[in-house]
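The values are calculated or read from the model by the stated rules, or taken from the named source; none is laboratory data. The model shown is predicted, which means the values in this text are computed figures rather than measured ones. Neighbour counts run over all protein chains shown; Cβ positions are idealised from the backbone, glycine included. Just the protein is used for accessible areas: all its heavy atoms, side chains included, with ligands, DNA and RNA removed. Shrake-Rupley method; radii C 1.70, N 1.55, O 1.52, S 1.80 Å.
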Amino acid sequence: QVQLVESGGGVVQAGGSLRLSCAASGRTSVSYTLGWFRQGPGKEREFIAAISWSGTTRSYGDSVKGRFTISRDNAKNMVTLQMNSLKSEDTAVYYCAAGVRTAVRGVGDMTYWGKGTLVTVSS
């Protein structure tokens, strides 16, 4: 079992930046891929970014490429999501997730989920 707790959400103006963090605990000795998803009002949960255990493989959803950056610190069991050039359409609850697959494109690729943190981008 892995427990994930997100932090860093809040309200930011369009064009601004925000940094989300996720702390992992529990069975962190397993080489999990960590990722971020989001779910906007009335929308399905969307893949945002994922990073492999070693950090050498990173992938991003098309809607955030070039604006968001995922990174991890295995010594601290943390994964972060740096979000720049935020847009109103980035408003959503952001979820941290963990799974054993290196290639992540959808919710089915992840096993463990945090409870989410709300990001609101005001225009």
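Numbers below:
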{"quantity": "Neighbours by Cβ (under 8 Å, 6+ apart or cross-chain): first from segment 1-17, closer than 16 Å to Y32 by Cβ and open to solvent by 40 Å² or more (accessible area, probe 1.4 Å); second modelled with pLDDT under 95 and not in a strand (DSSP E or B)", "calculated": "Q1/R27"}
{"quantity": "Residues located in segment 29-79, provided they are part of a strand (DSSP E or B) and open to solvent by 20 Å² or more (accessible area, probe 1.4 Å)", "calculated": "Q39, E46, R58, S59, Y60, T69, S71, R72, D73, M78"}
{"quantity": "Where T91 falls short, out of the listed (1) out of contact with any Phe, Trp or Tyr (no Cβ under 6 Å at 6 or more places or on another chain); (2) in contact (Cβ under 8 Å) with a residue 60 or more places away in the chain; (3) of a type outside the set (D, E, K, R)", "calculated": "(2)"}
{"quantity": "Enumeration of residues in segment 80-115 that are in a loop (DSSP other than H, G, I, E, B), open to solvent by less than 70 Å² (accessible area, probe 1.4 Å) and at negative phi", "calculated": "N84, L86, T91, V104, G106, M110, G114"}
{"quantity": "Matching residues, segment 85-123, being more than 21 Å from T57 (Cα to Cα) and more than 14 Å from the chain's Cα centre (by Cα)", "calculated": "S85, L86, K87, S88, E89, T120, V121, S122, S123"}
